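Asks: If you scroll down you'll find the structure; I have some questions about it.
Every number in this text was worked out from the coordinates using simple rules, so none of it is lab data. This is a predicted model, so every value here is computed, not measured. Neighbour counts run over all protein chains shown; Cβ positions are idealised from the backbone, glycine included.
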Amino acid sequence: MADQNDDYVYDEATGEWRPASEMTAMAKADQFVVRDAAGNILADGDSVVLIKDLKVKGANQTLKQGTVIKSIRLTDNDEEIDCRHDAIKGLVLRTEFVRKR
């Protein structure tokens with residue numbers, strides 16, 4: 001049973017009052033989860049493979065399906081990753097177009 005001195009917070013998703021400590025723990029767990037197109041969890045330094053041909057804006061170049069991108073970096077947005085490619089610097093890819101290698 002919850003401690004009597006514990007603060008409660010209204011959870012809009014479930015419609016219930018829940019202990020603040022529990023809500024904080026849930027927020028931290030959900031905050032940094034970045035997943036690829038197959039649902040695998042991505043982390044800084046992982047290598048990914050493109051699952052689709054992508055036209056790169058401003059570079060007049062197309063990255064082909066199967067291209068390996070090494071040493072990705074996670075961004076504040078869980079749907080984007082920052083990476084480098086030989087010909088393109090400052091490349092940002094959407095996680096829906098990559099699969100963990």
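Asks: Subtract the Cα-Cα distance of ILE88 and ASP44 from 0.36 nm times their separation in residues, and report this length gain in nm to one decimal.
Replies: The ILE88-ASP44 span can extend by a further 13.9 nm.
Asks: Could you give log10 I(q)/I(0) at q = 0.15 Å⁻¹ for the chain, computed by the Debye formula over C-alpha point scatterers of equal weight, without solvent?
Replies: Computed log10 I(q)/I(0) values: -0.66.
Asks: Could you line up THR75, THR14, THR67, THR95 from fewest to most neighbouring Cβ atoms inside 10 Å?
Replies: In increasing order of surrounding Cβ atoms, one gets THR14, THR75, THR67, THR95.
Asks: Another one. Excluding same-chain residues fewer than 8 positions from LYS89, which aspartates and glutamates have a Cα within less than 16 Å of its Cα?
Replies: List returned: GLU80.
Asks: If one takes the longest principal axis of the Cα atoms in the chain, at what angle in degrees, from 0 to 90 and to the nearest 10, does the Cα axis of helix 20-31 lie?
Replies: The answer is roughly 10 degrees.
Asks: Then there's this: Please report, in debye to the nearest 20, how large the charge dipole of the chain is about its Cα centre when each Lys and Arg carries +1 at its beta carbon and each Asp and Glu carries -1 there.
Replies: The dipole magnitude comes to about 1180 debye.
Asks: Can you give the helix-only mean residue ellipticity at 222 nm for the chain, where every DSSP H stretch with n ≥ 4 adds -39500 (n - 2.57) and the sum goes over all residues, rounded to the nearest 500 deg cm²/dmol?
Replies: The per-residue figure over the chain is -3500 deg cm²/dmol.
Asks: Say the dipole of the chain comes from +1 at the beta carbon of Lys and Arg and -1 at that of Asp and Glu; which of ASN60, ALA25, ALA13 then lies farthest toward its positive end?
Replies: Toward the positive end, the furthest listed residue is ASN60.
Asks: 7 Å from Cα along Cα→Cβ at both THR67 and SER21: what's the point-to-point distance in nm?
Replies: 5.0 nm
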